[in-house]
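Just below is one structure, and these are the notes that go with it.
None of the figures in this text is laboratory data; all of them are computed from the coordinates on show. Since we're looking at a predicted model, the values are computed, not measured. Neighbour counts are summed over all protein chains in view; Cβ atoms, including those assigned to glycine, are modelled from backbone coordinates with ideal geometry.
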Ligand code: PMP
């Protein structure tokens, strides 16, 4: 991935892709003092870019550091990098981290860096499998108590749990893993939020110890616009037997149907299909409106 063509916005400068390197004594690498975003552009326009870049700034604050760029400057870095890369539909990855001036747990003096990379990432899951519904395992690892980690930050350190869970699932032939939280309640997948449908009503876990995804909030809005009831509540894994449909959503995953989670089976149906279509229409309408403005 590090030997591609193109440029990466790196501390305010466009740097050739292969030269966008950091020192091995970077604090962010040793102690996970790094936060990032995942954004998608459709038709050359980044969907909900301001919300993502604002969340990046807030994630950094939750880790105790201030990104030395305003949200407007981060927005501009994303827009210009997308334009330089020349893609209409693409994934946008800003990342901020503590640098390498001091080594040790404490790194109060270390400079804060910011980079933005853009690449094409068409479908997060195998397209054929995605339409049938992906197979998801139940992870052994759990989302931490908010008193254990800043669980609402999009912080790199929290992804250790996600990579462990996703690798374990893939070794068993699954596409992804569903993680419970420290209380044993259903939380989220390794890069997406989860939704269930029963008798036409949507149920989704209350995001009190995991990312309240921007896609999650968009999908809840789209469902309510359709008159579909959405209930946010604590969901226990035993309840999974009683749901008809299941889907996950996130910037990269978009709306993806789920056909099974461990021993539980779901049939992608009317609600999932409607929201897949509505989400696809919403991101395109957003791009059209921005182009017309
Ligand atoms: N949970 C996790 C662990 C994620 O990585 C993501 C993707 N950023 C999400 C949920 C969904 O967030 P969003 O809709 O803001 O992309």
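Could you list, in sequence order, all residues of region 187-218 that are in contact with a helix residue (DSSP H, G or I) (Cβ under 6 Å, 6 or more places away or on another chain) and under 20 Å from residue 279 (Cα atoms)?
193, 197, 202, 214
Of everything in region 135-152, what is more than 11 Å from the ligand (Cβ to nearest atom) and farther than 18 Å from residue 177 by Cα? Give them in sequence order.
145, 146, 147, 148, 149, 150
Just one of the numbered conditions (1) away from the ligand (no atom under 15 Å from the Cβ); (2) over 28 Å from residue 49 (Cα atoms); (3) under 21 Å from the mean Cα position of the chain (by Cα) is not true of residue 277; which one?
Checking residue 277 against (1) away from the ligand (no atom under 15 Å from the Cβ); (2) over 28 Å from residue 49 (Cα atoms); (3) under 21 Å from the mean Cα position of the chain (by Cα), the one that fails is (2).
Please go through region 123-160 and give me each residue that is assigned to a helix (DSSP H, G or I), crowded, with 18+ Cβ neighbours inside 10 Å and either touching a helix residue (DSSP H, G or I) at 6+ places or on another chain (Cβ under 8 Å) or without any contact (Cβ under 8 Å) to a residue 40 or more places away in the chain (or both), ordered by number.
Answer for region 123-160, where residues must be assigned to a helix (DSSP H, G or I), crowded, with 18+ Cβ neighbours inside 10 Å and either touching a helix residue (DSSP H, G or I) at 6+ places or on another chain (Cβ under 8 Å) or without any contact (Cβ under 8 Å) to a residue 40 or more places away in the chain (or both): 156, 158.
Scan region 209-230 residue by residue and report those that are within 13 Å of the ligand (Cβ to nearest atom), free of Cβ contacts under 8 Å to residues at least 40 places away in the same chain and not in a loop (DSSP other than H, G, I, E, B).
Result: 216, 217, 220, 221.
Yes/no matrix, rows are residues, columns are (1) loosely packed, with under 14 Cβ neighbours inside 10 Å; (2) in contact with a strand residue (DSSP E or B) (Cβ under 8 Å, 6 or more places away or on another chain):
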position: 197; (1), (2): no, yes
position: 200; (1), (2): yes, no
position: 204; (1), (2): no, yes
position: 231; (1), (2): yes, yes
position: 250; (1), (2): no, yes
position: 279; (1), (2): no, yes
position: 286; (1), (2): no, yes
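Taking region 25-44 as the region of interest, how many residues are within 27 Å of residue 190 (Cβ to Cβ) and away from the ligand (no atom under 16 Å from the Cβ)?
7
Given the conditions (1) without any contact (Cβ under 8 Å) to a residue 60 or more places away in the chain; (2) away from the ligand (no atom under 12 Å from the Cβ); (3) surrounded by 23 or more Cβ atoms within 10 Å (Cβ to Cβ), report the number of the one that residue 190 does not fulfil.
It fails just one condition, (2).
Can you name the residue in region 169-182 that is more than 22 Å from residue 257 (Cβ to Cβ) and outside any loop (DSSP other than H, G, I, E, B) and, of all such residues, is farthest from the chain's Cα centre (by Cα)?
Per the stated criteria, the residue is 171.
Scan 25, 29 and give me the residue that is assigned to a helix (DSSP H, G or I) and either surrounded by fewer than 20 Cβ atoms within 10 Å (Cβ to Cβ) or touching a residue at least 12 places away in the same chain (Cβ under 8 Å) (or both).
The conditions single out 29.
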